[in-house]
1. Please name all residue pairs, on different chains or six or more residues apart, with Cβ atoms under 8 Å, provided the first residue is in the stretch 4-17 and is of a type outside the set (K, R) and the second residue is surrounded by 10 or more Cβ atoms within 10 Å (Cβ to Cβ) and at pLDDT below 75.
2. If you scan the stretch 50-85, which residues turn out to be of a type in the set (D, E, K, R) and without any contact (Cβ under 8 Å) to a residue 24 or more places away in the chain?
3. Filter the stretch 115-154 down to the residues that are among the charged types (D, E, K, R) and modelled with pLDDT of 85 or more, then identify the one that is surrounded by the most Cβ atoms within 10 Å (Cβ to Cβ).
4. Looking at the stretch 20-111, what strands (runs of 3 or more DSSP E) fall wholly within it and have at least 2 residues that are of a type in the set (K, R) and modelled with pLDDT of 75 or more?
Amino acid sequence: MVKSVGAAGLERIELKRLTERIGRLFAVLQEAAEAQLPAAGAWLPAVDLCETTKAIFVRIELPGVSAGQMKLGLNSTQLRISGEKKKRQPRQRIVSHLCSERSYGRFNRIVPLRWTISVKDATAQLSNGVLLVHLPKIKDRRGSEFKVPITETE
């Protein structure tokens, strides 16, 4: 037997759903904010995120960092760039720096991805201190309706 729910019951159900959705949104926003905070002694490389109809392009400025000094990790929800930019040993004996504005040390940058991308077809190329990551999009099938065949048994 199905119990009918009155108008007040429906409002409570909808309010509960809305509260859960807001809680999930808050958790995602908090995670994104924490991902952008560098650890002590770390720095954040500059990132450009561009979109075309067929792909997402991520450009990361990493001057003085070789491909062997960085790691690139990718899953369906985020791109992680981490590594370390080491100080170069001076060729001449320097007594003191008058000005030093370049950043050194460990870096860790997470770029949240809100698109459906093909993880296996992603490519990355480092050229002149700029890392270009190409993330091809795949057709998003969420919300599409698929026909399910029905078989009849006796």
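1. Once the first residue is of a type outside the set (K, R) and sits in the stretch 4-17, its partners that are surrounded by 10 or more Cβ atoms within 10 Å (Cβ to Cβ) and at pLDDT below 75 give I13/V5.
2. Selection gives K71, E84.
3. My answer is K137.
4. 78-85
The values are calculated or read from the model by the stated rules, or taken from the named source; none is laboratory data. Nothing here was measured: the structure is a model prediction, and the numbers come from that model. As a convention, Cβ positions derive from the backbone with ideal geometry for all residues, glycine included, and neighbour counts pool all protein chains shown.
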